[in-house]
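Below: one structure, written as structure tokens.
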Amino acid sequence: MALNIQRIREEDKDAVLEIVKSFWGDETIVVHDEVFHTNQLGGLKAAEENEIVGILHYRIKGKECEILTLASIKQGKGVGSALIAEVEEIARKRGCRLISVVTTNDNLNALGFYQRRGFHLSALLPGKVIESRRVKSGIPEIGENNIPIRDELRLEKILV
């Protein structure tokens with residue numbers, strides 16, 4: 001598979017929005033009590049033969065780059081890894097020392113994925129998803145593997 005990683009462009013917005021909606025229900029995400037509108041975030045797309053097969057949204061704040069979304073249409077094919085590698089390169093060029101991501105307690109696949117790529121658990125935020133539901137009521141009660149979604153887990157990777 002020949003992946004092409006590029007910044008999300010204006011002409012990609014509709015296709016990206018459909019992917020975001022399929023993973024998060026609508027174009028907003030709530031992470032650590034903040035509401036993000038994905039169409040206003042910096043983002044990357046992974047394309048294969050002009051078809052978007054993955055997306056990643058991020059923000060850079062000071063010396064930290066935070067991954068806010070990561071979605072792969074074709075899991076197990078290197079899409080997520082390629083997007084992570086590109087955002088790490090962008091973060092380094094922008095002077096970031098740290099890259100971080102928050103996931104939920106039910107997302108065992110994400111926990112393994114990020115740890116295999118050099119991230120380590122840095123914080124457990126008990127009950128944070130319960131608070132986020134006050135802002136975005138569409139966040140499901142039960143997640144992957146039939147696990148109740150309650151907590152946020154922060155993972156970090158030091159950039160060298």
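Couple of notes before you dig in:
- With 0.36 nm allotted per residue and the present C-alpha distance subtracted, the ASP14-ILE73 stretch has 19.7 nm of extension available.
- According to the calculation over all Cα-Cα pairs in region 76-122, the P(r) per 5 Å bin from zero is 5, 18, 29, 24, 16, 6, 1 %.
- Overall, region 4-158 carries a charge dipole of about 600 debye about its Cα centre when +1 sits on the Cβ of Lys and Arg and -1 on the Cβ of Asp and Glu, all other atoms neutral.
- Neighbour counts of other Cβ atoms within 10 Å put CYS96, CYS65 in the fewest-to-most order CYS96, CYS65.
- The alpha carbon centroids of region 79-139 and region 24-53 are separated by 13 Å.
- Additional length obtainable on full extension of the chain from GLU34 to VAL135, 0.36 nm per residue less Cα span: 35.5 nm
- As a length-normalised measure over Cα pairs under 8 Å and 6 or more apart, the relative contact order of region 4-158 settles at 20 percent.
- Seen from every direction in turn and averaged, the convex hull around the alpha carbons of the chain projects onto 9.0 nm².
- Extension gain (nm, one decimal) between LYS61 and LEU124, 0.36 nm per residue minus Cα-Cα: 20.6 nm
Coordinate-derived values only; no laboratory data. The shown structure was predicted, so the numbers you read here are calculated from the model rather than taken from an experiment. Neighbour counts are summed over all protein chains in view; Cβ atoms, including those assigned to glycine, are modelled from backbone coordinates with ideal geometry.
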